[in-house]
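Heads up: the structure comes next, in structure tokens.
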């Protein structure tokens, strides 16, 4: 049996810890629907560090304030369905109230139906649509919102049935820092 160099062993162990941390985050994903629930989900816990302020490997993925929103879009488009405006309104109230100092990543996600590159671009456009809605309809400062798309790369449920695919077609709000 070959011996593995200590540095490689440490690297593998660190990768496994990060992977396990990501699995735990997916299991703990919450879908708040009221301003109070959103503020609670996106407020850092005491003694936690926001991602932009981490200092060591142990901090990666720990206690990152994250909330998911099941915002519906027209099929294969980034047009937000009107019945989801009230949910976005709750996020806007949170951003104007208890999260007034928060800088958030708006992360778009997709299910696995269709070509992967199409889903990636669609998730980017959907995240941008939510950002634009918050900026133009509610005057949230654009510099506080960063839109990104992950396509089908980060499912939180199975893509083998419609119930799971609905959860995977989501937008996540991730607190990445506070306004300085």
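Derivation of every value follows stated rules applied to the coordinates shown; laboratory data play no part. Computed from a predicted model, the values in this text were never measured in an experiment. Note that we place each Cβ from the backbone using ideal geometry, even for glycine, and neighbour counts take in every protein chain shown.
A few notes on this one:
- Between residue 161 and residue 77, the distance separating the two model label sites (each 7 Å from Cα on the Cα→Cβ line) works out to 3.0 nm.
- Peptide packing for 106-116, 121-131, 78-88 was compared via the average number of neighbouring C-beta atoms within 10 Å per residue; ordered from the highest value, the list is 121-131, 106-116, 78-88.
- Between residue 153 and residue 137, the contour length at 0.36 nm per residue exceeds the Cα-Cα span by 2.8 nm.
- Cβ-based exposure ranking for 173, 31, in which fewest neighbours within 10 Å come first: 31, 173
- Size of the stretch 29-178 as Cα extents on the principal axes (Å, biggest first): 41, 37, 24
- Modelled FRET efficiency - R0 25 Å, residue 113 with residue 89, Cβ distances, 0.05 increments: 0.30
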